[in-house]
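The values are calculated or read from the model by the stated rules, or taken from the named source; none is laboratory data. All figures in this text were calculated on a predicted structure; none of them were measured in a lab. All Cβ positions, even for glycine, are placed from backbone atoms using ideal geometry, and neighbour counts span all protein chains on display. Side chains are part of the model used for accessible areas, which takes the heavy atoms of the whole protein and leaves out ligands, DNA and RNA. Shrake-Rupley method; radii C 1.70, N 1.55, O 1.52, S 1.80 Å.
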Amino acid sequence: MNTIGTDHVRVERDGAIARVVIDRPPVNAITLDDYRAITDVFTQISGAHDVHCVVLTAAGQRAFCAGLDLREFLASTPEQDPARAVVVRATFESVRTCAVPVIAAVNGPALGAGAVLASVCDIRIAARTATIGLPEINVGRCGGGAYLGRLVPQGALRRMFFTGDPVDATEAYRIGLFDEVVEADELSAAADRLARRIAGKSPIGLRYGKTALNEIEGLPVERGYPIEQGYSTRLMMTEDAREAAQAVLEKRTPVWRGR
């Protein structure tokens, strides 16, 4: 993969794992150009068949992402907002629909756009010092409810939305926003361990499975399960599926061929 990005969004590679790092001091608030850079990075990752898992995280200790850069927001006009919204939606969808699993390693406050970025990842591991919230009401905005509402009960969502108050990592874990909480100095290692475990699975299985889960999300079971079965049949036709079953029978590590 030819690595792309900007000074504020960089990609680091470790074998089949890509680490996407937001690096915009002091609190990783993002501009419209940063949104575009994230979209470009995840679009390229989706097309890179040598990447099997992604970790999305941020630099520094102060925040995962404090949301939209408020200076840029104040310089924009209501007339410009619909076009800006298209760019923002494209970014969130590029992460949510990335062809391979994405793990958010939430190293600090994930606020506004940062909360949404975490929510569109497949799995969220957070430092015990992390928080997550939707402070849009405090800055004259709405947003984020559609994405976070996929993960949490309506009461929890509306409390966050109407108060603008963030929740700490323990509460976020309780309501289902975070899937695992670890000590801050263990976050990177915990995310990397999970990424390596996922990246060791069948590359085709991961991609078919990710697509299937995205397609069936929100569907009634009688509609969703046949879709999932269809992807299972497609996977069954691959060499890797036969290799997986043979490796189980022979009690050995499978050798993936990606076909």
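Observations
- Selection count where residues are among the small types (Gly, Ala, Ser) and in contact with an Asp or Glu (Cβ under 8 Å, 6 or more places away or on another chain), scope the range 157-174: 1
- The single condition among (1) of a type outside the set (S, T, N, Q); (2) touching a residue at least 24 places away in the same chain (Cβ under 8 Å); (3) crowded, with 16+ Cβ neighbours inside 10 Å that Val139 does not satisfy is (3).
- Test: residue in the range 156-172 that is among the polar types (S, T, N, Q), open to solvent by less than 30 Å² (accessible area, probe 1.4 Å) and over 28 Å from Leu219 (Cα atoms): no
- Qualifying residue in the range 58-81 (condition: open to solvent by 10 Å² or more (accessible area, probe 1.4 Å), more than 22 Å from Phe161 (Cα to Cα) and at pLDDT 95 or above): yes
- Any chance Val95 is in contact with a Lys or Arg (Cβ under 7 Å, 6 or more places away or on another chain), modelled with pLDDT of 95 or more and under 24 Å from Ala190 (Cα atoms): no
- Enumeration of residues in the range 195-220 that are farther than 20 Å from Arg259 by Cβ and either among the charged types (D, E, K, R) or surrounded by fewer than 19 Cβ atoms within 10 Å (Cβ to Cβ) (or both): Arg196, Arg197, Leu213, Asn214, Glu215, Ile216, Glu217, Gly218, Leu219, Pro220
- Only a single item in (1) closer than 21 Å to Glu186 by Cβ; (2) under 14 Å from the mean Cα position of the chain (by Cα); (3) surrounded by fewer than 18 Cβ atoms within 10 Å (Cβ to Cβ) is not met by Ala90, and it is number (1).
- Checking Thr211 against (1) outside any loop (DSSP other than H, G, I, E, B); (2) farther than 20 Å from His52 by Cα, the condition it does not meet: (2)
- Any pair with Cβ under 8 angstrom, 6 or more apart, that starts in the range 247-259 at a residue that is of a type in the set (Lys, Arg) and ends at one that is open to solvent by less than 80 Å² (accessible area, probe 1.4 Å): Arg257/Glu239; Arg257/Asp240; Arg257/Glu243; Arg259/Ile204; Arg259/Thr238; Arg259/Glu239; Arg259/Asp240
- In this structure, Asp33 qualifies as modelled with pLDDT under 95 and in a helix (DSSP H, G or I).
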